[in-house]
Amino acid sequence: MTRRINIVTGSKWEKLAGFSRLVRIDNIIEVAGTTAGFENGKVVGGKSAYKQTISTLTKIGKVLLDAGATTEDVIRTRIYVTDKKYAEEVAKAHKDFFKEINPAATLVVIQALAEDELLVEIEATAVV
């Protein structure tokens, strides 16, 4: 029997679009596009793509724990940045966060994210 777990974090976009932050079916986990988010009306990490990336990956790590996984279970990330000038900074943060895990990764430059202050959004796939 297939076991499905949906985890929501209460973001306004989850409610607006009707999606879960994470879906786990058996041993497969998909984490939806995640950003640094906002605290006290300001984006976490400010205007630093590096800090926003670390904040985003930390959020992903927390929701993975809620689903019974860890960042060591991540096999793939998809990274979206709003300007190619952030690519190296975001890549460095990804490397610093995952250390020797080295998931498969894609980095794509896009025109914009849902909120102007956000510079990076990340999706992840994990297998437990």
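Within region 22-32, can one find any residue that is in contact with a His (Cβ under 7 Å, 6 or more places away or on another chain) and either open to solvent by 60 Å² or more (accessible area, probe 1.4 Å) or not in a helix (DSSP H, G or I) (or both)? Within region 22-32, none of the residues are in contact with a His (Cβ under 7 Å, 6 or more places away or on another chain) and either open to solvent by 60 Å² or more (accessible area, probe 1.4 Å) or not in a helix (DSSP H, G or I) (or both). Would you be able to say whether some residue in region 34-41 is free of Cβ contacts under 8 Å to residues at least 24 places away in the same chain, hydroxyl-bearing (S, T, Y) and buried (at least 19 other Cβ atoms within 10 Å of the Cβ)? No - not one qualifying residue is present in region 34-41. The residue that is farthest from D96 (Cα to Cα), counting only those in region 43-81 that are open to solvent by 50 Å² or more (accessible area, probe 1.4 Å) and touching a residue at least 60 places away in the same chain (Cβ under 8 Å), is G68. Among the residues of region 80-101, none qualifies, meaning not one is in contact with a Leu (Cβ under 8 Å, 6 or more places away or on another chain), of a type in the set (K, R) and either modelled with pLDDT of 95 or more or part of a strand (DSSP E or B) (or both). Residues that are in a strand (DSSP E or B) and not hydrophobic (A, V, I, L, M, F, W, C) were ranked within region 1-21; the one that is farthest from I79 (Cα to Cα) is R4. Just one of the listed residues (I54, I5) is more than 16 Å from the chain's Cα centre (by Cα) and among the aliphatic types (A, V, I, L, M), namely I5.
The values are calculated or read from the model by the stated rules, or taken from the named source; none is laboratory data. Source: prediction; values computed, not measured. For neighbour counting, all protein chains shown are included, and Cβ atoms are generated from backbone atoms with ideal geometry for every residue, glycine included. These area figures cover heavy atoms from the full protein model, side chains too; ligands, DNA and RNA do not enter into them. Shrake-Rupley method; radii C 1.70, N 1.55, O 1.52, S 1.80 Å.
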